[in-house]
Amino acid sequence: MALTFSGLLVTGLVAAPPAAAADPAGYQNVRINEVTSSGNDTVELYNAGSASVSISGWKMSDDSFSQQTFAPSSPTIAAGGFVTFNSPKGLGDSDKLVIYTSGGTVVDRVEWATEKAKPAMARCGGDGTGVWVTTTTAATFGAANASGCPSSISAASKVRVNEVTSDGADTVELYNGGTSAVSIGSWKYVDSDTSHSAATVSSSSPSATSIPAGGRVTFNSTLGLGDNDSVFLLDGSGNTVDSVTWATDGAKPSDERCADGAGWFQTAVTATLGSANSCSGSGGGGTGGGGGQTGQLLGGGGSLTSGCTPEAPSGTGSTPSGTLAWPGGLDVTIADNVCAFTTSSGPEGRDVSGLAFDPSNPSVLWAAKNKNWLYKLIKSNGLWIPDASWSATGKQLRFSNGSGQPDSEGLTVGGNGHVYVTSERDNANNTVPKDTIMEFDPAATGSTLTPVHQWDMTSQFPQLNTGSKDDANLGFEGVGYVPDSWLTANGWVDPLTGAAYNPANYPLQGSGLFFAGLEWDGSLHVYGLNSDGTFTTFGTIATGESSVMDVAYDVGTQRIIATCDNTCGETHTFMKVNASGVIVPDVTYTNPAVMPTDNLEGFAIAPTSTCVSGSREAVWSDDGIYGSGSGTSAYGHALYSGTFPC
């Protein structure tokens, strides 16, 4: 659905795959899925991505490479959807089909020999991702191919393009996932330049004529591979075996399948040509066979270090009714080094909680570790790592008196560029609540930070002061800075006056308010933090969640986001101002299905200035670094990276 606020159209919040806000660059997720040359010459396209794609004005060609527009059954392909059209060009026995965007970019290509497209050729083993096989029926147009696929496929169909690089060497790796060797001496490959003739694999260097079962061969492309390019692999008869398409820099250092021979493509951190794919990349690489629709948790590696002990998740509860599926990308990558947050006061190496992108510098991600540490993180080879120029090991936080161990849970960046951190208790005295918001100047020198200001709200929550460390640990879990400009533009009613909120009535509080999330009951508590150390309480807001672990304000969706971990089924509630001037829940989303059900306490969405191809980064933090358990790729890692619509 699209939501309008004071003339601003917000399309980031969707109840189903959006039909009107199609991804303009999502062509890389569109694949030719089925084609017949038996008279009616029908073509089926499939969208393996997580956002709809507009195909208005797209064109096709046959072996003449003369482009012509076609009339699809729908101008938009929904995520996971099919579109069909009758070819305006006659498709023959030995022919090819090329699909182009309206601007002439090659989207996908398939070639077949005599009779191979009769009754139809279709991708088998996964729509949009499987290998090309002559089917038993042409009746699957507009629907999944599985029912028309043969029960078994040839050994040659087990060969896949497995890795490709366009960094100068322009190397292609093929992988044989079958149980017998495959002769490829007469096989060919071609790129997306339709003026190029296909080159044989055996004539390329190094020459290759056979791939053993479970083996690999690599060769350097004689055609040259560049940005926004493709590799199409053909057998000796001219039938398409496999393909991959990538965008700018997508194949640098390489694009690789995760897992080998079967998975979706992602951009790798380092090329692994001739050996098993590392699968430790940043995601978002090329499109091709295997697994793109269901999503994958990609990355991992490394071993647990001394003192790094993951903690199994606890407190798992049900997902609130009406919760919608994650609207962003289905794949998620692990985004930190193993056991990266081991410190002297938190030797178990876990407890990364609050996350916040720096709005003035979105290449910086701030992270709070529960046992009084603050990290400034930057991207390096697809991973978020501590900025060594600030502190390679994080900076330790103290209360305003210079002592104590703040149980630092949530953080946000204020309008003045300072980092505001919540604490729910002093870990040196952890049976007593200490619900505070502390303001830190990130430009301050030294390895220890003391607050510029500190505001103590402990007395407002007597239910937490029972002498129990468990109750004391249910206080301020997250905090988000919300600018006055959003509150006034959306007509928020000041609960203290009953009239439209007027920031001029509160001259000491700066340019916005702070929304602190209480883990105890999932409520938000709104404060004006005054420069003289006092504060104004603007009341309480119900989120509809049983707990809140992180709070953020997102400019892109114009929403306040309250995040809950496995306690609420891993969900994020987006809050809006309603027609009565009250802040209320609008829509709730789950996490991507591939993510583990853990104590995922931190959540941040990158600013819209970082958008690429209709998406921006979303980052989660795992308070227990447990992943999906011992032996899994995520075990020992705290950060996950995915995508959210722009």
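The values are calculated or read from the model by the stated rules, or taken from the named source; none is laboratory data. Worth saying up front: this structure is predicted, and the values here are computed from it rather than measured. Neighbour counts run over all protein chains shown; Cβ positions are idealised from the backbone, glycine included. Heads up: the accessible areas ignore ligands, DNA and RNA and are worked out on the full protein's heavy atoms, side chains in. Shrake-Rupley method; radii C 1.70, N 1.55, O 1.52, S 1.80 Å.
A dipole drawn for the chain from +1 and -1 charges on Cβ atoms has a positive end, and of Thr240, Thr393, Thr309 the residue lying farthest that way is Thr240. Our summary gives the chain a relative contact order of 10 percent, counting only alpha carbon pairs under 8 angstrom and 6 or more residues apart. Each peptide in 228-238, 376-386, 58-68 gets a packing score, the mean of other Cβ atoms within 10 Å over its residues, and the list from highest to lowest is 228-238, 376-386, 58-68. Stokes-Einstein diffusion for the range 21-121 at 4 °C, viscosity 1.567 mPa s, with a Kirkwood radius from C-alpha pairs, works out to 97 µm²/s. Below 8 Å between Cα atoms, with a sequence gap of 6+, how large is the relative contact order for the range 437-554 in percent? RCO, the range 437-554: 23 percent.
Think of the chain as a dipole: +1 on every Lys or Arg Cβ, -1 on every Asp or Glu Cβ, centred on the Cα centre; then among Leu383, Gly226, Pro585, Gly226 lies furthest on the positive end. The dipole here belongs to the range 395-553: it is taken about the Cα centre, uses +1 on the Cβ of Lys and Arg and -1 on the Cβ of Asp and Glu, and is about 300 debye. Packing around the peptides 454-460, 30-36, taken as the average count of other Cβ atoms within 10 Å per residue, puts them in this order, highest first: 30-36, 454-460. Think of a 1.4 Å ball rolled over the protein heavy atoms: the chain then has 34 Å² of accessible area per residue. Computed over the range 396-506, the range of Cα coordinates on each principal axis works out to 43, 38, 18 Å, biggest value leading.
Go through Ala335, Pro406, Val482 and say which Cα lies farthest out towards the positive end of the charge dipole of the chain; charges sit on Cβ, +1 for Lys and Arg, -1 for Asp and Glu. Toward the positive end, the furthest listed residue is Ala335.
Amide H to amide H, with H built 1.01 Å from N, Ser210 comes under 5 Å of Ile184, counting only residues 5 or more places away or on other chains. Expressed as a whole percent, the accessible area of the chain that falls on carbon and sulfur atoms is 49 (1.4 Å probe). Remark: the chain carries a charge dipole of roughly 760 debye about the Cα centre, counting +1 on each Lys and Arg Cβ and -1 on each Asp and Glu Cβ.
Packing around the peptides 177-184, 590-597, 461-468, 402-409, taken as the average count of other Cβ atoms within 10 Å per residue, puts them in this order, highest first: 402-409, 590-597, 177-184, 461-468.
Charging the Cβ of each Asp and Glu at -1 and of each Lys and Arg at +1, and nothing else, the dipole of the range 295-384 about its Cα centre rounds to 160 debye.
Estimated purely from DSSP H runs of n ≥ 4, each contributing -39500 (n - 2.57), the mean residue ellipticity at 222 nm for the chain is -500 deg cm²/dmol once divided by its residues. Diffusion of the range 65-145 by Stokes-Einstein, at 37 °C in a medium of 0.692 mPa s and with Rh set to the Kirkwood radius over alpha-carbon pairs, works out to 237 µm²/s.
Measure up Lys379/Lys576; Lys395/Lys576; Lys371/Lys434; Lys252/Lys369; Lys158/Lys188; Lys89/Lys158 against 24 Å on the Cα-Cα distance and list the ones that go over. As for pairs spanning more than 24 Å Cα to Cα, those are Lys379/Lys576; Lys395/Lys576; Lys252/Lys369; Lys89/Lys158.
Comparing the range 564-646 with the 2.2 N^0.38 Å rule of thumb, its C-alpha radius of gyration ratio is 1.25 (two decimals).
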